Structures are given as C-alpha cells and as structure tokens.
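Student: Would you mind keeping the following structure in view while I ask a few things?
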Amino acid sequence: MATVSLRLITQTNFNECISLKVADNQKKFVATNVQSLAAAFVNPTYHPFGIYDSEAHYQANPSMIGFTMYELIDAVGFILRLMIDEKFQRKGYGRAAMIEVIRRLKLHPEVEQIATSHVRENEAAARLYESLGFVDWEHELRGDEYSGERYLILQKKRT
Ligand SMILES: CC(C)(COP(=O)(O)OP(=O)(O)OC[C@H]1O[C@@H](n2cnc3c(N)ncnc32)[C@H](O)[C@@H]1OP(=O)(O)O)[C@@H](O)C(=O)NCCC(=O)NCCS
C-alpha cells in the first residue's frame, strides 16, 4: 500500500510544485497549483503541502508527486485541494494523501469536523472520498453560487 509524507511548500520546492499537472480532461476539476499557492499567500488559514512517496522522503531531493491544501477555520478542517500529477495517478497516492491529511487534521484540538468538496461530475474524487467515509454535507453558507460543487463531511466513527 502506498504511503505518503507531506512537506510544506517553501521557496525550495515551489517551482516543482507549480510544474505538476493533471490530465487535460481533469483540468476542470482543480485549480492550478500556482492559483492555489497565490490564494494561500493572501490567506493565512490555508496550508499548502507537497505530497511525496514516504519511501522517497528520506532522499536528499525527493520528487514531489502531488499537492494538497487544507483550511483551518471555524472548527472545520476543510480539504481544499488534492491533485496527483498525471504521471503518478492510479498508484494509491491520492488515497494515501487523503489518509495523511485526515490524520494531521485530527491532531488539531480545535478541529471538530473534517470536510471537503468536489465538482459534481468528478467521479474519481466522489469514489475516493466516499470510500474514506465522507458523506453529503448540507452547507447552508455556500448557497446556489456553488451548486456545481458537492460538499462532503467525514462521518465520525461511533465508539
Ligand atoms: C482524484 C485523484 C487525486 C486521485 O488520485 P490517484 O492517486 O489517482 O488515486 P488512487 O490511486 O489513490 O485511487 C483511489 C481511488 O480513487 C478512485 N479513482 C482514482 N482515479 C480514478 C479514475 N480515473 N476513475 C475512477 N475512479 C478513480 C478509485 O475509487 C480509486 O480506488 P480504487 O483504486 O480502489 O478503484 C487524481 O485523479 C487527480 O489528481 N485528479 C485531478 C484533480 C482532482 O480531481 N482532484 C480532486 C479535486 S476535489
């Protein structure tokens, strides 16, 4: 099973991050990484990370395989972005990255809910998120303007 490590985007890995690409038919599902990093620059609640294979993490210059960004706001950890470079898709990295982001979000004491969203037609994202326990979230604050987007919340396990 693939496992990943996350590293903050800094001056060192910025160029590699903006060089990552999804397939042409996936471009409508996710902002470019340069757009996401610009958004993070002006919004201190956004946390952008490069995704690396855990095995490669200990090499001096590991290759970045994807990008993720979450927002910590109002007791919600909201996963805003997830992309795996087209060369590295369908190897389990997307699932591994979501598992790692969820693990990190659960470490924040202020986070009470973990949520995400995807473009409605994005079946790969829908399958992935549902398989991890996300269910539909009626998010009244977003309104009609965002109706092309489907909001999901991670169901809490009953203990
Ligand atoms: C969605 C995305 C992150 C998945 O990453 P990935 O590394 O390819 O995914 P994984 O190999 O971990 O697969 C996890 C699950 O996702 C689903 N999935 C991934 N690619 C899929 C595809 N092309 N078609 C259908 N389902 C797919 C499957 O349910 C898969 O589980 P399975 O292998 O047991 O069938 C990747 O396709 C991507 O970067 N897409 C473009 C950007 C995007 O849509 N991001 C999500 C924005 S909300």
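The values are calculated or read from the model by the stated rules, or taken from the named source; none is laboratory data. This one's a predicted model, so the numbers in the text were calculated from it and none came from an experiment. Reconstructed Cβ throughout: ideal geometry from the backbone, glycine too, with neighbour counts over all protein chains shown.
Student: Take Arg95 and tell me if it is modelled with pLDDT of 95 or more and either of a type in the set (Val, Ile, Thr) or closer than 19 Å to Gly133 by Cα (or both).
Tutor: So Arg95 fits the description; yes.
Student: Additional query: Mind checking which residues of segment 1-29 are outside any helix (DSSP H, G or I), surrounded by 14 or more Cβ atoms within 10 Å (Cβ to Cβ) and either polar (S, T, N, Q) or touching a Phe, Trp or Tyr at 6+ places or on another chain (Cβ under 9 Å) (or both)?
Tutor: Ala2, Thr3, Val4, Ser5, Leu6, Arg7, Ile9, Asn13, Leu20, Val22
Conditions (1) more than 13 Å from the chain's Cα centre (by Cα); (2) within 15 Å of the ligand (Cβ to nearest atom); (3) free of Cβ contacts under 8 Å to residues at least 40 places away in the same chain, marked per residue:
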| site | (1), (2), (3) |
| --- | --- |
| Ile73 | yes, no, yes |
| Leu80 | no, yes, no |
| Met83 | no, yes, no |
| Glu86 | yes, yes, no |
| Trp137 | yes, yes, yes |
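Student: Give me the residue from segment 88-109 that is in contact with a Ser or Thr (Cβ under 9 Å, 6 or more places away or on another chain) and either of a type in the set (D, E, K, R) or away from the ligand (no atom under 13 Å from the Cβ) (or both) and, out of that set, nearest to Ala124 (Cα to Cα).
Tutor: For segment 88-109, the residue satisfying everything is Arg95.
Student: Which of the residues that make up segment 1-41 are closer than 14 Å to Gly66 by Cβ and among the β-branched types (Val, Ile, Thr)?
Tutor: Within segment 1-41, Thr3, Val4, Ile9, Ile18, Val22, Val30, Thr32 qualify.
Student: Okay, next question. From the residues in segment 52-80 that are touching a Ser or Thr at 6+ places or on another chain (Cβ under 6 Å) and surrounded by fewer than 22 Cβ atoms within 10 Å (Cβ to Cβ), which one is farthest from Ala115 (Cα to Cα)?
Tutor: We begin by selecting, within segment 52-80, every residue touching a Ser or Thr at 6+ places or on another chain (Cβ under 6 Å); these are 52, 54, 57, 69, 71-73, 79.
So of that shortlist, the ones also surrounded by fewer than 22 Cβ atoms within 10 Å (Cβ to Cβ) come out as 54, 57, 71-73.
Numbers: Ser54: 25, His57: 27, Glu71: 10, Leu72: 10, Ile73: 11 Å.
Among those that are touching a Ser or Thr at 6+ places or on another chain (Cβ under 6 Å) and surrounded by fewer than 22 Cβ atoms within 10 Å (Cβ to Cβ), it is His57.
Student: Restricting to strands (runs of 3 or more DSSP E) lying wholly in segment 34-143: which have 1 or more residues that are under 19 Å from Leu6 (Cα atoms) and of a type in the set (Phe, Trp, Tyr)?
Tutor: 46-53, 66-73, 76-84
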